[in-house]
1. How much mean residue ellipticity at 222 nm does the chain get from its helices, if each DSSP H run of length 4 or more adds -39500 (n - 2.57) and you divide by all residues, to the nearest 500 deg cm²/dmol?
2. Taking the 0 to 90 degree range and rounding to the nearest ten, how far is the long axis of helix 184-193 tilted relative to the main principal axis of the chain, both from C-alpha atoms?
3. Less than 20 Å apart at the alpha-carbon level, and either on another chain or at least 8 residues along: which lysines does that give for Lys15?
4. Go through Val369, Tyr338, Leu86 and say which Cα lies farthest out towards the positive end of the charge dipole of the chain; charges sit on Cβ, +1 for Lys and Arg, -1 for Asp and Glu.
5. Quick one: putting +1 on the C-beta of Lys and Arg, -1 on the C-beta of Asp and Glu, what dipole do you get for the chain around its Cα centre, in Debye to the nearest 20?
6. Using packing as a proxy for protection, rank 425-431, 406-412 so that the peptide with the highest average count of other Cβ atoms within 10 Å comes first.
7. Quick check for me: using +1 on Lys/Arg Cβ and -1 on Asp/Glu Cβ, what's the dipole size of the range 178-329 about its Cα centre, in debye to the nearest 20?
8. Place +1 on the Cβ of every Lys and Arg and -1 on the Cβ of every Asp and Glu in the chain, take the dipole about the Cα centre, and give the residue among His243, Gly171, Ile427 whose Cα lies farthest towards its positive end.
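None of the figures in this text is laboratory data; all of them are computed from the coordinates on show. A quick note: this is a predicted structure, and the numbers were derived from the prediction, not measured. Backbone-built Cβ (ideal geometry, glycine too); neighbour counts: all protein chains shown.
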Amino acid sequence: MLLPDYRRLYHYHLKKTGGSTFNQWLDTLTAAERIFDYSWVEPSWHESWLMTNWRDERSLRQLRRDDSGARAVFHWSDVVHTHKPLRPLAPPGTLCFTVLRDPVQRLLSQVSDWRRLSAEDIASISTDVKGLVEDAGRLPLRDYLQRYSRLEGRMVLDNYVTRALAASRLGQAVLLVDDTASILDIAMTTLENDFQLVGLTEEFDLTRNALCAIAGLPPAREISYLNRSRAPQAHSHEISDAHYLLDSLTCTDRILYQRACELFDDRHRAAGEAYDTETFESRHASRLLQGMRGVRRDEATCYSVRSPIIGSGFHGRDDAAKPTCAVWSGPSTCLSLYMPVPPDMQLSIVLWIRGYAVARQRDQIAVRVDGKAVRHQFITADGCADLLTVDPATTERDFVRLDVEVDETVTSSEAGSECADPRKRGICFDGYGWRL
């Protein structure tokens, strides 16, 4: 992890708040071998207290809190993102953040997410909660919430955010709470004091840029959204019919959400709006990039995409744990990559290209170094489609920014085939660097 003022980053991923999209981006900030794995945080504890074995878990004698494995994950990965409340276990020097969403929309999105699951998806779900998931698509919203919100679905359907925030201090005991008003103060204390950033799903891009400002990362640009529940799959009359239940099931969450909006406005909005490339390059880039380590490749210094990637305009890694690991540019047309270089030297910039989403993109490429247009050429090298090289230039700083622009990013033209890719993509690459 390469943060000037923080050694680690912890994202307390509240369900249905855009966290999956956040997490794929966060994973590129750490080495491929150090990407967080959910199985590290004792899946029998992590999974169950959210959704399964609810009868056993509501028995006090079954509640337990063994944090020995959870403490170690901060030493196995520089970026930890999980539904499990690990904030009390985060070592000093950890940047901790979470994101809240309008509580009614979050709840509707959770139901919508279950409604869109296929029969194959449902077949793999634990029998303890299979009915909870299956009935999301079989029952009207009001009947569904009446049936499940106080039993199997209590944790995720009944003021989930209140329980999730309070769990940082109470652990699984939040499952025993009938009236979340009794733990609202605990949840509020967590919200106000335990995170360097409390973001908002409704201000997603601004939240990301505020995080970049705090962490000293390049300013946020467009990224692809993952696991996105668009409009809830419930008709307006369904929502109206369940109005009183929705109010009850989000009553304390709405208080927390209102406070989160106030905190975001007071603490983060201005920084998120003001943070830009010039600020990053003048204040943070040199320190951040000092931690990057290159390897020798084709007589050049290469920074592999298996290492932390500092820049913007790219998707998450493909085949992260394999030798074939590579990254696609997109969804924006401009790929930006930062790398450390020897200052006051003449060198060529190099990009190892695996391929293109469509062949014409090769002829449409434009390249800039530190914002200045430069000429490039393609040469042959083993293991890549093209080795893009930039004419030698004299460096002025101890880092450079390489911008590679294509005319358009596109989805796969083979929709429906095994090779289909819904991401808007440009070029595929596995390394970048320089040679003297």
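1. Working: 20 runs with 150 residues, N = 436.
That calculation yields -9000 deg cm²/dmol at 222 nm.
2. Helix 184-193 sits roughly 20 degrees off the main axis of the chain.
3. Answer for Lys15, where 20 Å is the Cα cut-off: Lys84, Lys130, listed by chain and number.
4. Among Val369, Tyr338, Leu86, the one farthest towards the positive end of the dipole of the chain is Leu86.
5. Numbers: 53 positive and 61 negative charges, 127 e Å.
Rounded to the nearest 20 debye, it is 620 debye.
6. Details: 425-431: 24.7, 406-412: 17.4.
Descending mean neighbour count gives 425-431, 406-412.
7. Working: 16 positive and 24 negative charges, 227 e Å.
For this selection, approximately 1080 debye.
8. Gly171
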